[in-house]
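None of the figures in this text is laboratory data; all of them are computed from the coordinates on show. Keep in mind it's a predicted model, so treat the numbers as computed, not measured. Note that we place each Cβ from the backbone using ideal geometry, even for glycine, and neighbour counts take in every protein chain shown.
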Amino acid sequence: LDDYSDEPDFKIDPETYVNHIAKAKEAVRIPIISSLNGSTFGGWQRYARQIEQAGVDALELNLYNVPTDPERTADDIETEYLT
């Protein structure tokens, strides 16, 4: 653990992130790709719309909910992400 520095503090609110995307889009002529980590359908869907409206060219969406029940099927897990 001596090789690792303290965890960086990346805490910014969604509005600040969306504003940053819009400013970047205005400032450069290259595609802007945004990244979004989500765990609930309503949350990531709403936030993805805001990012889209800020002008991104693409969105990397990382859904995460670590399935720990070996009895759940892959279909059940996928359905959970989509509902």
Checklist entry - Which FRET efficiency value, to the nearest 0.05, do you get for Lys11 and Thr79 by plugging their Cβ-Cβ distance into 1/(1 + (r/R0)^6) with R0 = 22 Å? => result 0.10
Next on the checklist: Full-extension gain between Gln50 and Thr68, please, as 0.36 nm times their residue separation minus the C-alpha to C-alpha distance.
Outcome noted: 3.3 nm
Item to check | Nonlocal amide H pairs with Leu63, under 5 Å, H built at 1.01 Å | outcome: Gly38
Item to check | Using θ = phi - 60° and Karplus 6.51 cos²θ - 1.76 cosθ + 1.60, couplings along region 42-55 (whole Hz; Gly, Pro as x) | outcome: x, x, 5, 5, 5, 5, 4, 5, 5, 5, 4, 5, 6, x
Item to check | Whole-Å semi-axes of region 14-82's equivalent ellipsoid (Cα gyration tensor) | outcome: 31, 11, 9
